[in-house]
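Just so it is clear, none of the values below were taken in a lab; they were calculated from the coordinates. As the structure is a prediction and not an experimental result, all values here were calculated from the model. A quick note on method: Cβ atoms are made from the backbone with ideal geometry, for glycine too, and the neighbour counts reach across all protein chains shown.
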Amino acid sequence: MAVDLSVHIGNIVLRNPIILGPGPLGRRPTSMRRFAEAGCGAVASKTLSSQPWKGNPEPKRVRLPYGALLNAEGAPNIGIRAFSEQMKKTRSEIRDCKVIVSVVGKTIEEFVSMAVEAGKMGADIIDLDITCPNVSDKGEIDSWQKDLGLLERLVRSVRRAVKVPLWIKFISAYGTLLSIAKTLEKAGADAVVPFVSIGAMAIDPETGRPLLGCRQGVGVLTGAPLKHAELKAVADVCRTVNVPVIATGGCSSGSDVIEFLLAGARAVETHTVFMYEGVGYVERMIAEMREYLEKRGIPRIEDLVGRTPEYLPKETFTFWYR
Ligand SMILES: Cc1cc2nc3c(=O)[nH]c(=O)nc-3n(C[C@H](O)[C@H](O)[C@H](O)COP(=O)(O)O)c2cc1C
């Protein structure tokens, strides 16, 4: 039985719901191409800044048990200009696979010019990395996610400046998951990407020192242990906004992708499992999704989207949220 793995996200069609999310595996256009060739529906660049960034001191990443990873990379990247030069050679070789360019700015103006650059280099989708800090009106470093009025102004400004679809990932700590999702929708995001990660730490038991090299000693947890918290986040966000939802956090198999779709996501951004298993793992995930559909006689993977919320009350359980 031929099964159809394609998914629609607004006007975008992906050949399947597996997306290489932003991260070190998308540091160069050539590595994005490898994931496209392996079969991903879309591939994202590492988040790009206007100037090259060195990021935090080493170690930037710590491998943890159970498929988890801790990172405090501090957004190292080669800068949008160098990346764009490289993309000129590679863009036409990324076929049947959408290109997501993730950008970051310290101010609204910088974000706008970065998004315009991303459009020029042939991005099918632009991802604004609002999880990186901004510089506030008072000149202080702060989080885009804390001030929803500022966040709304940011997304509206970028929306006005570019026609390319905007997908926005946000970290949903501290009970603000639903209010951030609603703000992004109101401001014109074409899809929202809730990421349930939490701040985390790893300690060397011999010395008592944090294992991450950054000054704060803390970082972001990713990988398999996040899966069930992310399933909940997706189901809650899907019942709160009408724009498409993309899952990210804890997906490590084709059957995990199926579960995220059942929860209401239309695609899944994955990174950690590819760092552990390599690019060849994409093919295995695709085979698992096909097998699931074939065994059950389900012709289209999209038929699964949002089935679980049908068993849930319409209103989300607000206990968790501010
Ligand atoms: C080492 C590392 C670096 C990452 N860098 C970025 C980044 O630059 N920009 C971004 O939006 N997400 C970044 N991410 C987040 C991933 O795109 C993804 O959303 C997250 O890892 C959750 O998915 P996973 O559990 O499948 O890894 C990074 C993740 C990892 C593991």
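The figures follow:
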{"read-out": "Order of Phe195, Phe319 - criterion: other Cβ atoms within 10 Å of each residue's Cβ, fewest first", "value": "Phe319, Phe195"}
{"read-out": "Cβ charges +1 (Lys, Arg) and -1 (Asp, Glu), total dipole of the chain, debye", "value": "560 debye"}
{"read-out": "Chymotrypsin sites (Phe, Trp or Tyr not before Pro) restricted to DSSP loop in the stretch 44-135 with at most 13 other C-beta within 10 Å", "value": "Tyr66"}
{"read-out": "Lysines with Cα under 20 Å of Lys232, excluding same-chain neighbours fewer than 8 positions away", "value": "Lys169, Lys182, Lys314"}
{"read-out": "Length-normalised contact order of the chain in % [C-alpha pairs under 8 Å, at least 6 apart]", "value": "20 percent"}
{"read-out": "Among Gln51, Trp167, Leu150 - extreme Cα towards positive end, dipole of the chain, charges at beta-carbon", "value": "Gln51"}
{"read-out": "DSSP bridge pairs, the stretch 1-102: antiparallel proportion in percent, nearest 5", "value": "60 percent"}
{"read-out": "Estimated inter-spin distance, Asn242 and Arg159, nm [label 7 Å along Cα→Cβ]", "value": "1.3 nm"}
{"read-out": "Net lengthening on full extension, Glu277/Ser143 (0.36 nm per residue, minus Cα-Cα)", "value": "45.0 nm"}
{"read-out": "Least to most buried among Leu70, Leu128, Leu293 (fewest other Cβ within 10 Å first)", "value": "Leu293, Leu70, Leu128"}
{"read-out": "Quotient of Cα Rg and 2.2 N^0.38 Å for the stretch 191-232, N being how many residues it contains", "value": "1.47"}
{"read-out": "Relative exposure of Ile258, Ile100, judged by other C-beta atoms within 10 Å (fewest first)", "value": "Ile258, Ile100"}
{"read-out": "20 Å-binned pair-distance histogram of the chain (Cα, whole percent)", "value": "33, 61, 6, 0"}
{"read-out": "Sites Arg209 and Ala287, calculated FRET efficiency, Cβ-Cβ separation with R0 45 Å, nearest 0.05", "value": "0.55"}
{"read-out": "Rough spin-label spacing in nm, given labels placed 7 Å along Cα→Cβ, for Val13 and Ser255", "value": "3.1 nm"}
